[in-house]
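Report on the following structure.
All of the numbers you see were taken from the coordinates with simple rules; none came from a lab. The structure presented is a predicted model; accordingly, all values stated were derived computationally and were not measured. Cβ sites come from the backbone with ideal geometry, for glycine too, and all protein chains shown count toward neighbours.
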Protein chains: 2
Amino acid sequence: MERTGYHHGDLREALIRATDEILAERGLEGFTLREAARRAGVSPAAPAHHFGSSAGLLTEVAILGFEELARHITIDPAAPPLSPAERLKVQGIGYVRFALAFPGRFHLMFRHDLLVADDERLLAAGGAAKDALAGTIDALRPQSEDQPSDAAVHPLLLGLWSTVHGFAHLVLDGKFSRIEGKKMPDHVLNDVLPAVLDALLPKT
Amino acid sequence: MERTGYHHGDLREALIRATDEILAERGLEGFTLREAARRAGVSPAAPAHHFGSSAGLLTEVAILGFEELARHITIDPAAPPLSPAERLKVQGIGYVRFALAFPGRFHLMFRHDLLVADDERLLAAGGAAKDALAGTIDALRPQSEDQPSDAAVHPLLLGLWSTVHGFAHLVLDGKFSRIEGKKMPDHVLNDVLPAVLDALLPKT
DNA sequence: CCAAATATCTGTACAATGTAAAGATTAGAG
DNA sequence: CTCTAATCTTTACATTGTACAGATATTTGG
C-alpha cells in the first residue's frame, strides 16, 4: 500500500488484492476497475498496463478462485480414508462451502461475460478443479467395465457438479428462503445439503 | 412501433417487447435501458415513468420468464400418464430446455442484483414455477408418512431443482465444452441430461 | 363543451464508468 | 553514465442510468 514515488513497486499484486477485497466486502456488483485502482492508490488508467482491461484483471482473480475451489474439493490426505461414495459427498459439500464463504469470487468465476473466457490459465484452473471430482468418479466405477469410458463426461460427474453448482447458486440467490432463515450457512451445509446429496447420490 | 404523436400509446408493452428482443438477440449483456428506449422510439428518460428504473423493467421481463418456465415444466395433461418418477425427469428436461432456448431470459431471472428482488409478483411467479415441481414430489412420496412433511423443502425437490439449474448454467457457461461440440442443444437435451438424471433420480 | 387536472413523454444535465492516446517519470541494461 | 523500456499520470471521450423541469396530450369534472 505504501507508495514511495511515481512507481508503485508491486501494482499487479496490489490490484489483485484490492479486487479480492472488493469482492469480499461488496460482492461482484461492487467491483469497478476504477475502485480497484483507487484502493491501490493509482490512476484509473494504470491497471491497463498490467492487465489490458477490466476482464484481464478479473480473470486473474477468477484463476485464484478456481485454485481455492480446488482446495475446497480436495480431500485431506491426512483424514481417515473414505469410500468413493462418501468422498463424493464430502467433495460436494466442500464445493458449496466455498461458494457460501466467497460469494463474490464464486459469482465471478462463472460470469464469462466479465472474463477472458478463452484464457489458457483460466481454462487450466477450471479443469484442475474438475479433475479433483473426476478422480473420485473413476475410483467409484466398477472395474468390470472394459472400455475406460471417459470420466470427464461421466453422468455422475456432470450430475454431482450440476447439483452442487445449482444448489450454491440458488442459495446465494435467495431461492431457498424458507431455509435460509435458520442461521446461514451452517444449517445449509450441515443439514440441508447432506440430505439432498443422500437423496441423489448412489449409496455404494 | 408506430409513433403517431407525442404519446406512444402502448409504451409499457413496447418496452417489455424491446427488452425481450434484446435478450434474444444479444443476451443479457446486450441490454441497456437506453437501447430498449431506442428500439421503442422514445427518449432515454421515458421508461422511468412506467417502471421507475431499469430494475423495474427487467423485473417485468423476469416475471414473464418465470411464467414461461412454469409452462416448460408443466406436463401436458393431454399426454399419456406417467409415473411420478418419470414426470420428474420430464420436468427436469423441460427446465433445461427453457434455459437453452432463452438464455438471456434465464440468466436475467436469477440475477437478483438486476431485479427488484422483493417484488411481490416476481416472488409469486417464481413460487408458481417451484410449485409445479413440488406437486410431483408430493405424488412420489410414500403414503405411509404420517406428517405432511412440507414438500417445499423436500430434499428431492431441492436436489432436482439444483441439478437442472446447475446443469443449465454450466452448459450455457461453456463448462461442458467436451459435450457441446455435438450440435447443441439437441444432444444435451436428448442424451446427456437424461443420462445424468437417470444416474441421480430414484427409479420408482 | 370546455377548462383543469393528470398522465405521458422530451430535453437537458450530471456523475460514473471503461479505456484510448500522449506525455511524464523511473528503473535497469549496456 | 546514457539510453531504452517499463511504469504510471493526465486528459479526453463515448456511454450509461437517472434526476429535474418543462412540453404535450388525454382524461376528468363541471
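Computed as a quarter of the hull surface, the mean projected area of the alpha carbon convex hull for region B:12-157 stands at 10.2 nm². Among chain B residues, the one whose Cβ is nearest the axis of the rotation from B to A, given with its distance rounded to whole Å, is B:GLY166, 1. Starting from the label point of A:LYS182 at 7 Å along Cα→Cβ, the same points in the other copies fall at 4.1 nm, in ascending order.
Distances between copies at B:GLY56, taken between label points 7 Å from Cα along the C-beta direction, are 4.1 nm in increasing order.
Give me P(r) over region A:96-204, computed from all C-alpha to C-alpha distances, binned every 5 Å, as integer percentages. The percentages, shortest bin first, are 2, 10, 17, 20, 19, 14, 11, 6, 2, 0.
Projecting 7 Å from Cα along the Cα-to-Cβ direction, the label point of A:ALA85 sits 1.6 nm from its equivalents in the other copies, listed shortest first. Select from chain B the helices, each a whole stretch of DSSP H, whose alpha-carbon atoms run 18 Å or more along the helix axis and whose Kyte-Doolittle mean is at least 1.0; answer none if there are none. For chain B, where a helix must reach 18 Å along its axis and average at least 1.0, the hits are B:155-172. Checking the cross-link pairs B:LYS130/B:LYS182; B:LYS89/B:LYS182; A:LYS182/B:LYS175 against a 29 Å limit on the alpha carbon distance flags B:LYS130/B:LYS182; A:LYS182/B:LYS175 as lying beyond it. For region B:70-116, the dipole from Cβ point charges (+1 on Lys and Arg, -1 on Asp and Glu) about the Cα centre works out to 60 debye, to the nearest 20.
Over all orientations, the protein assembly as shown has a Cα convex hull whose mean projected area works out to 25.6 square nanometres. Note on B:ARG17 and A:ARG26: their simple-model spin labels are 3.9 nm apart, each label 7 Å out from Cα toward Cβ.
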